[in-house]
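The values are calculated or read from the model by the stated rules, or taken from the named source; none is laboratory data. In this text, all values refer to a predicted model and were calculated from it rather than measured experimentally. Here Cβ is always computed from backbone atoms with ideal geometry, including for glycine, and neighbour counts include all displayed protein chains.
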Protein chains: 2
Amino acid sequence: MDLNAYLAARRQEVDAALERHLPRAEEQPARLHTAMRYSLLAGGKRLRPILCLASAEAVGGGREAALLPALALECLHTYTLIHDDLPAMDDDDLRRGLPTCHKKFDEATAILAGDALLTLAFELLARATPAAQLVLELAEAAGSRGVVGGQAEDLAAEGRAPDAELLEFIHTNKTGKLLRAACRMGALTAGADAGQLAALTTYAAKIGLAFQIADDVLNVTSTPQQLGKAVGSDAARKKMTYVALYGLETARAKAAALIVEAQAALKPLGTPAAPLVALAEFTVRRSS
Amino acid sequence: MDLNAYLAARRQEVDAALERHLPRAEEQPARLHTAMRYSLLAGGKRLRPILCLASAEAVGGGREAALLPALALECLHTYTLIHDDLPAMDDDDLRRGLPTCHKKFDEATAILAGDALLTLAFELLARATPAAQLVLELAEAAGSRGVVGGQAEDLAAEGRAPDAELLEFIHTNKTGKLLRAACRMGALTAGADAGQLAALTTYAAKIGLAFQIADDVLNVTSTPQQLGKAVGSDAARKKMTYVALYGLETARAKAAALIVEAQAALKPLGTPAAPLVALAEFTVRRSS
């Protein structure tokens with residue numbers, strides 16, 4: 001399949017729907033709504049919403065029922081980026097090739113824009129079906145036992161000696177849980193059975209780890225132009241990364257092996273899973 | 001009725017349930033979970049959860065079904081306090097008589113603890129019934145068209161000339177919407193009909209405004225010991241308040257009138273609404 005054409009079409013679909021579901025920039029409080037739109041509509045791969053849509057299709061459903069959950073995932077992901085970039089956290093000035101939210105606006109606005117996007121994610125899910133299951137899936141993935149917990153340990157691990165167990169905790173939670181939720185949420189909207197859900201969960205766990213390893217690799221090997229954000233920042237901040245722990249070559253080999261395993265997990269789903277098979281490679285080949 | 005005994009009993013009920021539903025302090029990431037517990041279990045009036053429980057009873061339901069939504073409201077309320085206290089926002093050092101979260105821990109931990117509590121609120125709601133309606137109610141009350149929007153305009157209004165319309169926007173959103181959600185969510189768990197829901201919504205709007213006026217008054221007339229936080233800070237930060245706009249006496253009279261109107265709105269509900277009638281006076285008589 002033509003992955004680039006597929007990605008472009010889905011991205012357009014997601015962007016158009018986000019545009020419709022976000023408060024308009026003029027609506028009071030205008031600065032807050034402008035900031036929310038700025039960070040959410042700044043581009044980005046839309047990987048999580050696309051995984052959600054593709055997972056619905058992979059188990060025989062349509063994309064329509066998965067659209068609100070897909071948007072919720074992107075709102076939630078964008079809030080994590082805004083908060084992670086704050087001076088008290090990773091202190092980054094550049095994101096997706098543009099000034100980060102607190103640089104473009106101010107810290108208070110960035111904190112509030114993140115809070116509002118996190119809340120909006122659950123508002124969108126409340127309008128989807130099956131709402132309760134979807135909310136639970138996203139909340140568990142995003143909270144102190146998920147993304148927020150991963151970021152907390154990531155910050156705490158700066159400067160500490162490499163530790164394989166801790167690194168796995170960070171990666172699984174900070175990145176993996178949300179990709180897992182993306183696949184499972186899409187499948188839930190399509191009424192997936194337990195076997196289908198299990199296949200997608202395995203797939204997501206593998207690409208989640210591969211994605212994070214690729215991120216660590218790119219932070220060393222890429223340029224700011226390719227990445228749209230600072231490079232070499234992991235080493236500068238003494239971050240615990242796969243590259244720091246295992247070296248560049250071993251990290252690359254590990255990511256490649258995970259992709260093969262992820263694709264194998266999709267076998268039982270057959271042809272409708274073709275976009276997910278292709279997307280697995282995208283998670284490590286991406287340059288931004 | 002003996003309001004103080006009623007409040008003490010409900011508070012104990014809420015505190016015990018919070019204790020059960022929060023991640024333990026030792027669970028990884030321990031510093032994050034410790035911070036969440038520190039801010040959530042630091043005391044507080046538990047006004048929102050108690051309004052939720054009392055509203056369920058006021059329409060003929062039991063408290064049990066309203067318990068998870070009640071906890072969700074307190075998690076959400078506590079997250080707003082943690083984020084509002086941050087240096088980039090209101091920059092407060094003291095809350096409920098204790099160091100604020102970022103003072104006790106650090107800014108990154110405070111931001112993440114707030115994020116995690118906001119997320120936990122929706123996780124708790126996903127386990128309640130009717131989950132979708134409850135999530136929608138809370139998300140709408142809490143987002144950029146609710147609490148977050150009110151805080152954004154509150155910050156933006158500092159130092160500006162008093163403006164009655166803007167002040168109403170701030171108060172309605174920053175404080176009123178969550179009290180409104182508390183009453184409506186409790187009633188929803190008890191299967192309230194449209195008339196009962198309308199009565200509670202009117203009640204909540206009135207006490208919400210009275211509560212905020214009382215807050216403005218207390219910031220001028222109280223002591224740090226009574227309030228558990230700094231006093232006079234509104235004037236120092238040139239906050240737009242009811243007192244600044246109308247003067248102390250007019251503000252007090254307005255609050256008193258609102259309480260009478262709030263109580264009148266409950267007439268159709270009869271005896272089961274007795275705790276809510278008493279709670280209305282509490283919202284303006286409280287000293288902390």
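Provide a single number: the residues in region A:23-44 that are more than 14 Å from chain B (Cβ to nearest Cβ) and buried (at least 17 other Cβ atoms within 10 Å of the Cβ).
Initial filter on region A:23-44 (more than 14 Å from chain B (Cβ to nearest Cβ)): A:41-44.
Going one step further and asking which of them are buried (at least 17 other Cβ atoms within 10 Å of the Cβ), we end up with A:42, A:44.
Number satisfying all stated conditions: 2.
Table: residues versus (1) over 20 Å from the mean Cα position of the chain (by Cα); (2) farther than 24 Å from B:I170 by Cα; (3) not β-branched (V, I, T).
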site: B:G191; (1), (2), (3): yes, yes, yes
site: B:A194; (1), (2), (3): yes, yes, yes
site: B:D215; (1), (2), (3): no, no, yes
site: B:A236; (1), (2), (3): yes, no, yes
site: B:K239; (1), (2), (3): no, no, yes
site: B:A244; (1), (2), (3): yes, no, yes
site: B:T250; (1), (2), (3): yes, no, no
site: B:A255; (1), (2), (3): no, no, yes
site: B:P275; (1), (2), (3): no, yes, yes
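Conditions: (1) modelled with pLDDT under 95; (2) within 14 Å of chain A (Cβ to nearest Cβ); (3) surrounded by 19 or more Cβ atoms within 10 Å (Cβ to Cβ). B:D163 meets all but one. Number of the miss?
Tallying (1) modelled with pLDDT under 95; (2) within 14 Å of chain A (Cβ to nearest Cβ); (3) surrounded by 19 or more Cβ atoms within 10 Å (Cβ to Cβ), B:D163 fails exactly one: (3).
Of the residues A:E168, A:E249, which is surrounded by fewer than 18 Cβ atoms within 10 Å (Cβ to Cβ) and within 14 Å of chain B (Cβ to nearest Cβ)?
Working: A:E249 fails: within 14 Å of chain B (Cβ to nearest Cβ).
Unique residue meeting the criteria: A:E168.
Here are some conditions: (1) more than 18 Å from the chain's Cα centre (by Cα); (2) crowded, with 19+ Cβ neighbours inside 10 Å; (3) among the aliphatic types (A, V, I, L, M). A:A204 meets all but one. Which one does it not meet?
Condition not satisfied by A:A204: (1).
Do you know which residues across region A:57-94 are assigned to a helix (DSSP H, G or I), farther than 29 Å from B:H102 by Cβ and without any contact (Cβ under 8 Å) to a residue 60 or more places away in the chain?
Passing the criteria: A:E64, A:L67, A:L71.
Kindly check whether there is at least one residue in region B:254-263 that is farther than 25 Å from B:R180 by Cα and not in a loop (DSSP other than H, G, I, E, B).
No, region B:254-263 has no match at all.
Could you list all residues from region B:123-153 that are closer than 26 Å to A:E26 by Cβ, buried (at least 24 other Cβ atoms within 10 Å of the Cβ), at the interface with another protein chain (Cβ under 7 Å from one of its Cβ atoms) and not hydroxyl-bearing (S, T, Y)?
B:A139, B:A142, B:G143, B:V148, B:G149, B:Q151, B:A152
If you go through region A:115-122 one residue at a time, do you hit one that is surrounded by fewer than 22 Cβ atoms within 10 Å (Cβ to Cβ), facing chain B (nearest Cβ under 8 Å) and assigned to a helix (DSSP H, G or I)? Break it down into steps so the answer makes sense when it comes.
Of the residues in region A:115-122, the ones surrounded by fewer than 22 Cβ atoms within 10 Å (Cβ to Cβ) are none.
There is no residue in region A:115-122 that is surrounded by fewer than 22 Cβ atoms within 10 Å (Cβ to Cβ), facing chain B (nearest Cβ under 8 Å) and assigned to a helix (DSSP H, G or I).
Out of B:L200, B:L218, B:L178, which single residue is within 14 Å of another protein chain (Cβ to nearest Cβ) and part of a helix (DSSP H, G or I)? Before the answer, list the steps.
On the way: B:L200 fails: within 14 Å of another protein chain (Cβ to nearest Cβ); B:L218 fails: within 14 Å of another protein chain (Cβ to nearest Cβ).
B:L178 is the lone residue from the list that is within 14 Å of another protein chain (Cβ to nearest Cβ) and part of a helix (DSSP H, G or I).
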